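What follows is a set of notes on a single structure, which appears directly below.
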Amino acid sequence: MAKSQLRVQRGFLWQGLFTLLMFFFMYLPILVLALYSFNQSRYSASWEGFTLAWYQKLFSDARILFALQNSLTVAFCAVGVSAVVGTLMAVGLARYRFPGRSLYRGISYLPLIIPDIAIAVATLIFLAVVQIRLSLWTIVASHVVFCLAYVGLIVSTRLADLNPHLEEAALDLGATPFQAFIKVLLPQLMPGIISGCLLAFVLSLDDFLIASFTAGSDATTLPLEIYSRIRTGVKPDINALSVVLMLVSGLVFLIAESIRYQSTEKRLK
Amino acid sequence: MSQTAVQNPDANSTDTGLDVELRKVFKVFNGETAVRGVDLEIHQGEFFSILGPSGCGKTTTLRLIAGFEMPSAGEVVIQGKSMTYVPPYRRPVNTVFQSYALFNHLTVWENIAFGLRIKGLPKAAIAERVKETLKLVKMEAFTNRFPTQLSGGQQQRVALARALVNRPAVLLLDEPLGALDLKLRKEMQVELSNLHQDLGLTFVMVTHDQEEALSLSDRISVMHEGQIEQIGTPSEIYECPQSAFVADFIGDTNLFRGRVYALDASEIQVVTETKMKIAVQKQSSSMSWNSQEAVVVSVRPEKIQLNLEPSCVQGNCFEGRLKHVMYLGTHVHCVVELNSGDRITVKQPNTFASLPDPQTPIYAYWTPKDCLVLASRDTA
């Protein structure tokens, strides 16, 4: 009796320890980063007291604000395009039968598997071949590639869970196919579309690799700005910026997940 | 035989009081024919059921009337107007789906108002009609709920209301009670029947539940492999099935395959494959038989009597042994193995004091007028 209890306790200890180690391993670097963003020392090595000066500096740095503006422009444009096209793609693939449909479906989700570096290099070469000058808009175009795949995937999952007769019910009640789409299908797909968009938004905001290949000379996004600064040594204001970026990404991701979770809950109730 | 039997030679469709007509309708899906030459005439105000096993094409037939499918050949006429290629949103019919297909993002009220809003009725009229319909299906208390917050039976009522509020010429019901438990199903059957009487609308219901079809319908069409086997009133279908399939599908029956070996004015003598000789009274129906023709004899389990004495004076009497008894409360189902080797099911009222053991000879008998001779094609 006592022995078995002991074993249970020891097992519990083991699991706890393992979990702790995992968290330690995964989040310690981030924790250190966050901590040093409050450090007074200009050279990050030693702790010299708490300060918010780096955050202040960050928000008055014109270059960073410019980069932030670029990043947001890219993210909003790429996600906006992907939301419309991705939703139509998912609906089209689910509802209509046409030759090459399964091939299309396979290809549309391929950007999720292809390494970013391959997408980046391919896009760069393609842009060079068709002689389009690199700019902010080339980043948008390359981001649409993977955002579209994410939005399409999440919307089609949601679509697969819907009652297949919903549109028919709307048609039956006198709605034209367009009205049925706007009044019935779209509202029911909304949770999927929103969570897909938020996910794509975070990914676009965080992307460094693809942007670094496809950015024009003046089109510095936030991750590109951070990287260029880090080359001259890690400064605490970059730490602060990283913390802000992480918080924003985390928040957006959390919202996306909770929307998806709630919509599942509602269906299962 | 059936399609030609129901065809009305002077079907002129305009003012004959027909709400739905299907004329030689075929539907082919990817090389598979789901509906083969169906002819139907559904009268105004009728409760019409399409009954059949799963995969017989009954739901496809309903979807052809609703307009969700376009026929590969043939014509669909609703209230005298050809609707063959008219899309569902321009047909004067409304459907209650098996899965209800309620709009989960709208409240009960909004669900019901959907059709009226699409048609652009004034707000006051919509409010009035929705209220009226909610009362009709007894869902006034749930106006502002969402469909996910309702039970299956309540969702069913909302689905009914959503269709009825549009005042369709024909209400189509696709296995409307299939998802409900037995008790609720019985309740809803009564309500459906009441609704039909109160509204005087034409109801077309698809079901695989023969009891439901028999109890609710004015007329039933039995479908099998994309074709209509028989159309008739419930009692016609049950008492005078025109094929072995119908006899077997509607209610229980005992089927004996055999050949006609003697005929006279009133009786047909059939010898079964197991050498039983069965006498069958001739039906008034037009069917005529030739000697040596392959036929099937159908005897309903409740028409067979069991006795310990071979004292049956007239009719068919066969010795056998009691093999199995199923107790069903009001009735008992006895499986009797006849000396010929055939096994028959006998339904007896629950009045047996004690049942004989499997060694005792028992006699099963029925009169010639309690059985039927049917054409032997397509018995599964």
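The values are calculated or read from the model by the stated rules, or taken from the named source; none is laboratory data. Keep in mind that what you see is a predicted model, and the values were worked out from it rather than measured. Here the Cβ positions follow ideal geometry from the backbone for every residue, glycine too, while neighbour counts run over all protein chains shown.
Of note:
- B:LEU180 vs. criteria under 24 Å from B:LEU214 (Cα atoms), in contact with a Gly (Cβ under 7 Å, 6 or more places away or on another chain) and surrounded by 14 or more Cβ atoms within 10 Å (Cβ to Cβ): yes
- Residue count for the stretch A:158-177, restricted to those that are of a type in the set (Gly, Ala, Ser), in a helix (DSSP H, G or I) and crowded, with 18+ Cβ neighbours inside 10 Å: 2.
- Residues in the stretch B:205-249 that are acidic (Asp, Glu), more than 20 Å from B:THR61 (Cα to Cα) and crowded, with 20+ Cβ neighbours inside 10 Å: none.
- Being among the acidic types (Asp, Glu) and within 30 Å of B:SER235 (Cα to Cα) is a description that does not apply to B:GLU140.
- Filtering the stretch B:76-91 to residues that are facing chain A (nearest Cβ under 10 Å) and either touching a strand residue (DSSP E or B) at 6+ places or on another chain (Cβ under 8 Å) or surrounded by 22 or more Cβ atoms within 10 Å (Cβ to Cβ) (or both) leaves B:PRO88, B:ARG91.
- Exactly one residue out of A:SER46, A:SER37, A:SER41, A:SER4 is modelled with pLDDT under 85 and in contact with an Asp or Glu (Cβ under 6 Å, 6 or more places away or on another chain), and it is A:SER41.
- In the condition set (1) hydrophobic (A, V, I, L, M, F, W, C); (2) in a loop (DSSP other than H, G, I, E, B); (3) free of Cβ contacts under 8 Å to residues at least 12 places away in the same chain, B:MET326 is compliant with all but (2).
- Listed by position, the strands (runs of 3 or more DSSP E) contained in the stretch B:221-304 that have at least 3 residues being in contact with a strand residue (DSSP E or B) (Cβ under 8 Å, 6 or more places away or on another chain) and not assigned by TED's automatic domain parsing to the domain that holds B:SER54 are B:254-263, B:267-272, B:277-281, B:294-299.
- Annotation note: Cβ proximity below 8 Å between a residue of the stretch A:171-189 that is more than 7 Å from every other protein chain (Cβ to nearest Cβ) and a residue that is among the charged types (D, E, K, R) (sequence gap 6+ or interchain) occurs for A:PRO177/A:GLU167; A:ALA180/A:GLU167; A:PHE181/A:GLU167; A:LEU185/A:GLU167; A:LEU189/A:ARG158.
- Of all residues in the stretch B:152-185, those satisfying the criterion of being among the aliphatic types (A, V, I, L, M) and more than 14 Å from every other protein chain (Cβ to nearest Cβ) are B:LEU177, B:LEU180, B:LEU182, B:LEU184.
- Residue ID - farthest from the other protein chains (Cβ to nearest Cβ), chosen from residues in the stretch B:130-149 that are surrounded by 18 or more Cβ atoms within 10 Å (Cβ to Cβ) and under 25 Å from A:PHE181 (Cα atoms): B:VAL130
- Whenever a residue of the stretch B:96-110 is more than 7 Å from chain A (Cβ to nearest Cβ) and over 19 Å from B:GLU132 (Cα atoms), its partners that are modelled with pLDDT under 95 and surrounded by fewer than 19 Cβ atoms within 10 Å (Cβ to Cβ), lying with C-beta atoms within less than 7 angstrom and at least six residues away or across chains, give the pairs B:GLN98/B:GLY178; B:GLN98/B:ALA179.
- Restricting B:VAL137, B:VAL165, B:VAL130 to those that are within 22 Å of B:ALA66 (Cα to Cα) and more than 18 Å from the chain's Cα centre (by Cα) reduces the list to B:VAL165.
- Count of residues meeting criterion [within 14 Å of another protein chain (Cβ to nearest Cβ) and acidic (Asp, Glu)] in the stretch B:46-75: 1
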